[in-house]
Amino acid sequence: MKFQKTFGRVLATAAVTIACLFVVSVSAEPNMDKYNRSCAVCHNAGVAGAPTSHDAAAWAPRLEKGMDALVASVKNGLNAMPPTGLCADCTDEEYSELITYMAEPK
Ligand code: HEC
C-alpha cells in the first residue's frame, strides 16, 4: 500500500512537470506563418547584412542590446531592414518570439 501511494505521488509530480514543460514550449512557439512570409525573406540567407537565422555568432552581439531594443529595431526599421520587418500585423510578443527563434542555434 505504502509503495502504491509513493508511486502515485511520483506519477502525479511527473505529470505536473510534463504539463508545465508543455505549456512553456507552446507559449514560446514562434508564428511560423509570419516568419516565413516576412523575416525569412532576408534572415534565412542573410540578405543585405541581416544576421542569418540560427547563426548564434551573428546574433550574440545583437542579443546584448536586450530584447526590448531588438523589438524596437524591427518596429522602427534598421538600415536595410524596413520598419515592421515586413510583418505589419506582428505583436511585440510575436516579434520577441521570432527573434528568440532566429537567434537560437539549430
Ligand atoms: C527586407 C529584409 C528584412 C526583413 C524582411 C527582416 N529583416 Fe531583420 N534585419 C535585416 C537587416 C539587413 C538587418 C541588419 C541591420 C543592420 O544592423 O544594419 C536586420 C537586423 C535585425 C535584427 C537586429 C536588430 C538590432 O538592433 O541589431 C533583428 C532583431 C531583426 N532583424 C529581426 C527581424 C524580424 C523579427 C523580422 C520579421 C518580422 C525581420 N527582421 C525581417 C533585414 C530584414
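Taking other residues whose beta carbon is less than 11 angstrom from the beta carbon of Val71, and scoring Lys, Arg as +1 and Asp, Glu as -1, yields -3.
Along the Cα-to-Cβ line of Arg62, 7 Å from the Cα, sits a label point; which residues in region 30-52 have backbone N less than 13 Å from it? In region 30-52, the label zone of Arg62 (backbone N under 13 Å from the point 7 Å along Cα→Cβ) covers 39-52. Other residues with beta-carbon under 14 Å from the beta-carbon of Cys87 carry, at +1 per Lys or Arg and -1 per Asp or Glu, a net charge of -3. Near Asp33: Cβ cut-off under 13 Å, other residues only, Lys/Arg at +1 and Asp/Glu at -1. The net charge is -2.
Coordinate-derived values only; no laboratory data. Here the structure is a predicted model, which means the values were calculated and not measured. So basically every Cβ, Gly included, is an ideal-geometry build from the backbone, and we count neighbours across all protein chains shown.
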